[in-house]
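The values are calculated or read from the model by the stated rules, or taken from the named source; none is laboratory data. Fair warning: this is a prediction, and the values are worked out from it, not measured in the lab. Cβ placement follows ideal geometry from the backbone for every residue including glycine, while neighbour counts extend to all protein chains displayed. For accessibility, only protein heavy atoms count, side chains too; no ligands or nucleic acids. Shrake-Rupley method; radii C 1.70, N 1.55, O 1.52, S 1.80 Å.
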Amino acid sequence: MKSKSRLSDPGIILVTILLAISAIVLIWWPTDIYMMGISLAGWLMFFSYFVWFLLSIIYVIWMEKRDESRNGG
């Protein structure tokens, strides 16, 4: 069986994206920008949940297709 780079693994790629999103929100946190009385970092955290959900769906579909191609289906 051919060994592929671990950097091309879907889990590693998606975790890197999640870490980047988290880093942006945490770096932005100390700024005092407010929308409707809520910190902009709070809004970013809220909307990032939708991104996380989308990434989890992408991961599941990606892994299903990957397993299907490995099994010759």
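Exactly one residue out of Ile12, Ile57 is free of Cβ contacts under 8 Å to residues at least 60 places away in the same chain and out of contact with any helix residue (DSSP H, G or I) (no Cβ under 8 Å at 6 or more places or on another chain): that is Ile57.
Taking first residues from segment 28-52 that are at pLDDT 80 or above and partners that are part of a strand (DSSP E or B) and open to solvent by less than 100 Å² (accessible area, probe 1.4 Å), the Cβ contacts under 8 Å between residues at least 6 apart in sequence or on separate chains come to Ile33/Ser39; Trp43/Met35. The set of residues from segment 34-50 being within 22 Å of Leu14 (Cβ to Cβ) and exposed (fewer than 14 other Cβ atoms within 10 Å of the Cβ) comprises Phe46, Phe47, Tyr49, Phe50. All of (1) out of contact with any Leu (no Cβ under 7 Å at 6 or more places or on another chain); (2) surrounded by 13 or more Cβ atoms within 10 Å (Cβ to Cβ) hold for Leu55 with one exception: (1). Do we find a residue being at pLDDT 85 or above, open to solvent by 80 Å² or more (accessible area, probe 1.4 Å) and not in a helix (DSSP H, G or I) anywhere in segment 66-73? Scanning segment 66-73 turns up at least one residue that is at pLDDT 85 or above, open to solvent by 80 Å² or more (accessible area, probe 1.4 Å) and not in a helix (DSSP H, G or I). Tell me yes or no: at least one residue of segment 43-65 is assigned to a loop (DSSP other than H, G, I, E, B) and among the acidic types (Asp, Glu). Within segment 43-65 (the criterion being assigned to a loop (DSSP other than H, G, I, E, B) and among the acidic types (Asp, Glu)), the answer is no, since none of the residues qualifies.
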